Amino acid sequence: MSAATDTPVGSSVVPSTWDRVRSWSPGQRYLPVIATVVVFLSLFSAGGIRYEGFADPQVFLSLFLDNAFLIVLAVGMTFVILTGGIDLSVGSVVALSTVIAARTLEAGWAAPAAIAAVLLVGTVIGLLHGVLIQYLGIQPFIATLAGMFLARGLCFLLAERSIPIDDETFSTIAFATITLPGGYYTTWTAVVALATVVVAAYVLARRRFGRTVYAVGGSEASALLMGLRVARTKVAVYAVSGFCAALGGLLFSLYMLSGNSLHAVGMELDAIAAVVIGGTLLTGGRGLVVGSLVGVLVLGTIQTFISFDGTLSSWWTKITIGVLLLAFVMVQRLATRRQP
Amino acid sequence: MSQARTEPLPETARRPGDAAPVVELRGLSIAFGGVPALHDVALRLYPGEVHALMGENGAGKSTLIKALTGVYAPDAGTVVVDGQERSFASPADSQAAGISTVYQEVNLCANLTVAENMLLGREPRFLGGIGVRAMRRRARQTLERLGLDVDPASVLGQHPIAVQQLVAIARAVDVDARVLILDEPTSSLDADEVARLFEVVRTLRDQGTAIVFVSHFLDQVFEIADRLTVLRNGRLVGERLVSETSQLELVRLMLGRELETLDRLDRQEAPPVDRDRTPVVKVLGLGRKGALEATDLEVHEGEVVGLAGLLGSGRTELARLLFGADAADTGEVEVHGRRARVRTPRQAIDRRLAFASEDRRAEGVIGDLTVADNMLLALQASRGWLRPIPPAQRTTLVARYLEALDVRPADPHALMRNLSGGNQQKVLLARWLLTEPELLLLDEPTRGIDVGAKAQIQQLVAELAGRGMAVVFISAELEEVLRLSDRVVVMRERRKIAEREGGDLTVGEVLETIAAEATHTHLTETTDGEAPR
């Protein structure tokens, strides 16, 4: 704890911009994210060295478009985990979203109406979780576990088999590409995912709601004494997570172009893994949404690795994620133990 | 209920030639379920003074603070702010009237920045969001006003507790607090940090804030406070100028005891303690940062060593360190002359030490188990779970101790939570006696139990010592400590200040020792108790 004992000196004069640039060193709160970025870069370069064509910028861009839905899920999950909670329902909500989208479109709804319905259902489910957790004092794990089963069950009520999505708007968006300089391309789903990250990062860093999320995760009792709106915030983070799950579900519908009750089984765990690998503390209060983004990229890289190799079993994805997760949680544990 | 107090307080307690009080409580009474917690209490706070609120535990200090901060509504009496009668329906009302509180534990978020901790909830806005630069500027201004050099952009958790405490004060005064209540602000600070806190308190006082200072540390009160109000058993004992009050006088006011020698227990049957033999337990330089400065202690066979001192003097801390309930930073423990490693209660039990905690509800009694189960817990634990005590032996052991300690009801199958406090305490004693300890550490074994049971427990302790057990006896009641102890260790401010033969020691002598110590040593003592991490 070397930084703890001496407080910064001579701060009566506001330092100039140049002073600040020159003396900048990454704050402690960025260290986990930097660690994740390092892991990502090493994985990616390892792939580049090992396999021909891996280091191509398009491979990097594909990480975003193949994992757009997971990025959005991880963003919502970050809000929840920052307050010290958990949301196990997001995978089921993704599946439910694909089914609702497919069903409503099949029934002849216009695409915007279908999208609105999906987002509404997701947000309401999240809101219900929040109310159960905040006002009935149910453990987040249990409340969202119930939500997970209910949402999954609801899928089968709506559709027992896979329903293809052949709506024109959906297909157009799904197949449209944005050409970037150099002949590379990306899709609108990736743009939506990145926009979600940017909005979430702004809200968490610069809005009172966002700072309250951190305050609740740091110490709920203190946040109450500071006069912050703790109850409202705790309900809101689950609504945010539900909304993000629905948005992720829409992106997943575009990716798969079908609604299926069996979609996204276990995806909530991928989202949690991404958030944790991204450096967010499971006990809440510490973490950045950018970290969760990099966490998803790490998971995506591992999968790319395996598809490039061709001989590795896809279970290696799970093994690598497991090892990484364990390593990150252990490092976090050691890092937080030294805190006063 | 009673009339508001109208007669003026003694002239000596007034601040000479000063303006009207900023906040005044008159004739305040509060009762909880018919039990009075405060009765006809008055408190006057003048701008620019540090006012110490003194009293032993249960004297009503925290109830008074909660009445002042709007947590409790008084049953009778008035709160006057600036000459206007007010009633606070909630803490928010009280804060709006300019009364801020900083609690003992830092109530901030360690993961947020200093500026956020000071201003979150009333932060400057920028484009609909938080104006980070404006917020930091404002935080810096407030910190500078308090003479603090802390970077508002730094994360709170990376600062030591003392600085966090100061940030909590900065948050409290940012709302232009006219009354600042500091509830035990120094309990987790070391000497340097206390000095730093006091600088800030003085700065605020000179700027005209009225500060209420609650602390168990008499030295600190005499160092920082201008006036003091003493409560005892929910009643006002007096309001004094600190400069005209001696420490001894203050201790007497707080305890309300006549200084006289009390009857000793009849201990003729006890053989004299042989101090030439190897002590049962000997500790050298046992200490822990923030809890106890390095302390030596010897306890011999058949001896009762009493630990005397005010609350927070380090009595309990010493016992916990000895038992390994808290890990010591420094020091050695010898059991029967051999060095022993006592870092966990388990190791202590293996060395035949036993500790009955002062918090019997949280750390002793298991309410939903039977008396027999509670009694056999420690013995079973020391045998290991693979070797259960045979049922026949269980029955005889439990029956024997139920009778020996006169536990009522003498029913081994009664649920522990249905027993009275005194009987629970007896069962806990039996729990440790069953393990046949060589050293028994008793922390407040008679607190909150009725007089009859108290006498029985005292008698039992005397008998145990008579049979050769070494006992460390801790109690807030000095009479009790003196009555039982062969030797009394006097503690103050987390260290041992004196060790006296028990024989003819009087309560007055112990109190004088506690009070006198302050004037001699306290200025020379710095942070030497601080151990390397």
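The values are calculated or read from the model by the stated rules, or taken from the named source; none is laboratory data. Predicted, not measured: the structure shown is a model, and the values here were computed from it. Cβ: placed from backbone, ideal geometry, glycine included. Neighbour counts: every protein chain shown.
In the set (1) closer than 21 Å to A:Ser219 by Cβ; (2) at the interface with another protein chain (Cβ under 10 Å from one of its Cβ atoms); (3) touching a Leu at 6+ places or on another chain (Cβ under 7 Å); (4) touching a residue at least 12 places away in the same chain (Cβ under 8 Å), the condition left unmet by B:Leu119 is number (3). Report yes if some residue within region B:161-178 is farther than 22 Å from B:Val50 by Cα, surrounded by fewer than 23 Cβ atoms within 10 Å (Cβ to Cβ) and within 11 Å of another protein chain (Cβ to nearest Cβ); otherwise report no. Yes: one or more hits. Do we find that A:Ile138 is in contact (Cβ under 8 Å) with a residue 12 or more places away in the chain and over 21 Å from A:Thr78 (Cβ atoms) in this structure? Spelling it out, it is not the case that A:Ile138 is in contact (Cβ under 8 Å) with a residue 12 or more places away in the chain and over 21 Å from A:Thr78 (Cβ atoms).
Quick grid of which residues meet (1) at pLDDT 90 or above; (2) assigned to a strand (DSSP E or B); (3) in the same structural domain as B:Arg205 (by TED's automatic domain parsing); (4) surrounded by 18 or more Cβ atoms within 10 Å (Cβ to Cβ):
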residue	(1), (2), (3), (4)
B:Gly27	yes, yes, yes, yes
B:Pro36	no, yes, yes, no
B:Leu43	yes, yes, yes, yes
B:Leu53	yes, yes, yes, yes
B:Gly58	no, no, yes, no
B:Thr63	no, no, yes, yes
B:Ala67	no, no, yes, yes
B:Ala73	no, no, yes, no
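Here is the figure for region B:126-158: residues that are in contact with a Leu (Cβ under 6 Å, 6 or more places away or on another chain) and at the interface with another protein chain (Cβ under 7 Å from one of its Cβ atoms) total 1.
Conditions (1) farther than 29 Å from A:Thr212 by Cβ; (2) among the hydroxyl-bearing types (Ser, Thr, Tyr); (3) in contact (Cβ under 8 Å) with a residue 12 or more places away in the chain, marked per residue:
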| site | (1), (2), (3) |
| --- | --- |
| B:Ala73 | yes, no, yes |
| B:Gly77 | yes, no, yes |
| B:Ser87 | yes, yes, yes |
| B:Tyr103 | no, yes, yes |
| B:Ala110 | no, no, yes |
| B:Pro124 | no, no, yes |
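Does B:Arg171 satisfy being more than 31 Å from the chain's Cα centre (by Cα) and outside any loop (DSSP other than H, G, I, E, B)? Judged against the criteria, B:Arg171 is not a match.
The combined condition, being more than 10 Å from chain B (Cβ to nearest Cβ), over 17 Å from A:Val75 (Cβ atoms) and not small (Gly, Ala, Ser), is fulfilled by A:Tyr184. Give just the number: which of (1) at the interface with chain B (Cβ under 7 Å from one of its Cβ atoms); (2) under 16 Å from B:Ile130 (Cα atoms) does A:Gly210 not satisfy? Going through the list (1) at the interface with chain B (Cβ under 7 Å from one of its Cβ atoms); (2) under 16 Å from B:Ile130 (Cα atoms), A:Gly210 breaks only (1).
The set of residues in region B:366-389 that are part of a loop (DSSP other than H, G, I, E, B) and surrounded by 12 or more Cβ atoms within 10 Å (Cβ to Cβ) comprises B:Ile366, B:Gly367, B:Leu369, B:Pro388, B:Ile389. Scanning region A:175-201 for residues that are within 19 Å of A:Ala111 (Cβ to Cβ), in contact with a Ser or Thr (Cβ under 8 Å, 6 or more places away or on another chain) and of a type in the set (A, V, I, L, M) gives a single hit, A:Ala176.
Taken over region B:124-168, residues that are more than 17 Å from B:Glu105 (Cβ to Cβ), among the hydrophobic types (A, V, I, L, M, F, W, C) and within 33 Å of the chain's Cα centre (by Cα) amount to 5. Residue count for region B:179-193 under the criterion of being of a type outside the set (Ser, Thr, Tyr), surrounded by fewer than 20 Cβ atoms within 10 Å (Cβ to Cβ) and either more than 14 Å from chain A (Cβ to nearest Cβ) or free of Cβ contacts under 8 Å to residues at least 12 places away in the same chain (or both): the result is 2. Taken over region A:285-334, residues that are at pLDDT 85 or above and within 14 Å of another protein chain (Cβ to nearest Cβ) amount to 4.
When the residues of region A:207-231 are filtered to those that are of a type outside the set (A, V, I, L, M, F, W, C) and in a loop (DSSP other than H, G, I, E, B), the one that is farthest from B:Glu123 (Cα to Cα) is A:Ser219. Here B:Val335 fits the description: among the β-branched types (Val, Ile, Thr), more than 26 Å from the chain's Cα centre (by Cα) and more than 27 Å from B:Gly421 (Cβ to Cβ). Hey, can you tell me all the residues within region B:286-303 that are within 29 Å of B:Gly55 (Cα to Cα) and of a type in the set (A, V, I, L, M, F, W, C)? Within region B:286-303, B:Ala291, B:Leu292, B:Ala294 qualify.
Within region A:273-294, is there a residue that is surrounded by fewer than 24 Cβ atoms within 10 Å (Cβ to Cβ), under 28 Å from A:Leu158 (Cβ atoms) and under 12 Å from the mean Cα position of the chain (by Cα)? No, there is no match, as no residue in region A:273-294 is surrounded by fewer than 24 Cβ atoms within 10 Å (Cβ to Cβ), under 28 Å from A:Leu158 (Cβ atoms) and under 12 Å from the mean Cα position of the chain (by Cα). For the subset of region B:78-106 comprising residues that are within 14 Å of chain A (Cβ to nearest Cβ) and buried (at least 19 other Cβ atoms within 10 Å of the Cβ), which member is farthest from B:Ile169 (Cα to Cα)? Checked region B:78-106; the qualifying residue farthest from B:Ile169 (Cα to Cα) is B:Ser94. Does A:Gly217 fit the bill of being within 13 Å of chain B (Cβ to nearest Cβ), in contact (Cβ under 8 Å) with a residue 40 or more places away in the chain, farther than 21 Å from A:Gly91 by Cα and more than 16 Å from the chain's Cα centre (by Cα)? When the stated conditions are applied, A:Gly217 passes them.
Could we say that A:Val197 is modelled with pLDDT of 90 or more, within 14 Å of chain B (Cβ to nearest Cβ) and either within 23 Å of the chain's Cα centre (by Cα) or over 24 Å from A:Leu262 (Cβ atoms) (or both) here? So A:Val197 does not fit the description; no. The sole residue among B:Asp368, B:Asp373 that is touching a strand residue (DSSP E or B) at 6+ places or on another chain (Cβ under 8 Å), closer than 21 Å to B:Leu402 by Cα and modelled with pLDDT of 85 or more is B:Asp368. For region B:174-194, a residue qualifies if it is part of a helix (DSSP H, G or I) and either closer than 27 Å to B:Ala96 by Cβ or touching a Phe, Trp or Tyr at 6+ places or on another chain (Cβ under 9 Å) (or both), and the qualifying residues are B:Asp174, B:Val194. Given the residues A:Ala3, A:Ala35, A:Ala46, which is the only one that is modelled with pLDDT under 65 and in a helix (DSSP H, G or I)? Of the residues listed, the single one that is modelled with pLDDT under 65 and in a helix (DSSP H, G or I) is A:Ala3.
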